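Below is one structure, written out as structure tokens; the observations come after it.
The values are calculated or read from the model by the stated rules, or taken from the named source; none is laboratory data. Only a predicted model underlies this, so the values are computations on that prediction, with no experimental measurement involved. Cβ sites come from the backbone with ideal geometry, for glycine too, and all protein chains shown count toward neighbours.
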Amino acid sequence: MRCVLNRFFSGTCVLALALFVAGSANAQTFNGFYVGGYAGGAKGNSDAFTSTIFSPTGYFALSSVPAIAAAGHQPLSPRGFNGGGQAGYNLQRGHWVLGVEADFGSMRIMDDFNSTALYPCCAPTNFTVTQTVKSSWLITARPRIGLAGGSWMVYGTGGVAMTNFDYSENFIDTFATAHESAATSSTLTGWTGGGGVEFRLGSGSRWSVKAEYLFADFGTGVKVTSTNLTAFTPPISFPTNIFSHQADLTAHLFRSGINYRF
């Protein structure tokens with residue numbers, strides 16, 4: 001009888017120990033739903049273009065058209081802050097982690113660029129083209145695949161990104177106080193991809209921290225035309241000098257974050 005009881009209690013202890021070890025091991029995984037926040041910097045790139053056409057009834061000399069196109073090709077580098085909230089779910093099997101994550105937050109980046117050039121026909125008079133781009137928010141939705149070891153995980157991620165994009169342009173000259181302007185706003189959808197590393201904060205902790213890099217490409221960006229060129233005093237309109245404008249956007253996102261798992 002004593003032998004049976006000893007075996008029973010011994011088996012119970014082994015089972016309890018096994019369950020404890022399994023629970024501790026599971027506490028070190030990245031399984032489950034989580035929410036958190038992130039913050040960091042953003043560096044964008046935007047190729048902006050402004051050009052016009054020649055018209056026999058227009059304002060510009062024929063030689064002015066390529067000069068305006070050359071000055072109107074401007075590289076912009078909007079920079080600023082990105083930060084917000086995120087939520088996701090992970091499923092870990094062994095060392096492999098499969099998951100999905102979505103985030104929404106601020107991406108406040110802005111830049112402007114101006115070029116001044118002489119009119120080939122009419123030096124020393126000149127013209128100036130100024131273009132501005134900015135964005136204020138960002139949404140991404142991305143699958144993730146990771147490789148975990150103990151309390152850390154490295155992962156790659158890629159998916160869909162959305163942002164708002166504001167573009168404006170202004171043209172002036174010193175020949176006859178010419179002026180033209182254009183502006184447009186749009187929601188851009190593109191793709192994003194990158195990777196990062198995530199660490200659990202202690203044994204059994206529900207908290208983790210991460211460092212992440214994402215690249216986002218929002219495609220061809222925005223296009224707009226204008227026919228509001230005026231010159232002289234009082235102003236005379238020259239609608240046949242149609243202006244075309246275009247700007248795109250890509251962004252590099254560097255951010256750190258913290259997550260809480262349920």
* Asked: Restricting attention to segment 152-207, which residues are under 18 Å from Gly32 (Cα atoms) and of a type outside the set (Gly, Ala, Ser)?
  -> Trp152, Met153, Val154, Tyr155, Thr157, Val197, Glu198, Phe199, Arg200, Leu201, Arg206, Trp207
* To do: Sort through Thr184, Thr177 and tell me the only one that's assigned to a loop (DSSP other than H, G, I, E, B) and among the β-branched types (Val, Ile, Thr).
  => Thr177
* To do: Might you let me know whether segment 180-199 holds any residue that is surrounded by fewer than 15 Cβ atoms within 10 Å (Cβ to Cβ), assigned by TED's automatic domain parsing to the domain that holds Tyr59, out of contact with any Cys (no Cβ under 9 Å at 6 or more places or on another chain) and at pLDDT below 95?
  => no
* Asked: How many residues does segment 85-104 hold that are surrounded by fewer than 19 Cβ atoms within 10 Å (Cβ to Cβ), of a type outside the set (Ser, Thr, Tyr) and in a strand (DSSP E or B)?
  -> 10
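A quick yes/no check of all residues on (1) within 30 Å of Ala176 (Cβ to Cβ); (2) modelled with pLDDT of 95 or more; (3) in contact with a Phe, Trp or Tyr (Cβ under 9 Å, 6 or more places away or on another chain):
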site	(1), (2), (3)
His73	yes, yes, yes
Gly85	no, yes, yes
Asn90	no, yes, yes
Leu98	no, yes, no
Asp103	no, yes, yes
Met107	no, yes, yes
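Table: residues versus (1) polar (S, T, N, Q); (2) not in a loop (DSSP other than H, G, I, E, B).
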residue	(1), (2)
Ser208	yes, yes
Leu214	no, yes
Thr225	yes, yes
Asn228	yes, no
Pro234	no, no
Ser244	yes, yes
* Asked: Looking only at segment 145-180, which residues are in contact with a Ser or Thr (Cβ under 7 Å, 6 or more places away or on another chain), at negative phi, in contact (Cβ under 8 Å) with a residue 40 or more places away in the chain and of a type in the set (S, T, N, Q)?
  -> Thr163, Asn170, Thr174
* To do: Looking at (1) β-branched (Val, Ile, Thr); (2) farther than 30 Å from Ala39 by Cβ; (3) in a strand (DSSP E or B), find the lone condition where Thr240 falls short.
  => (3)
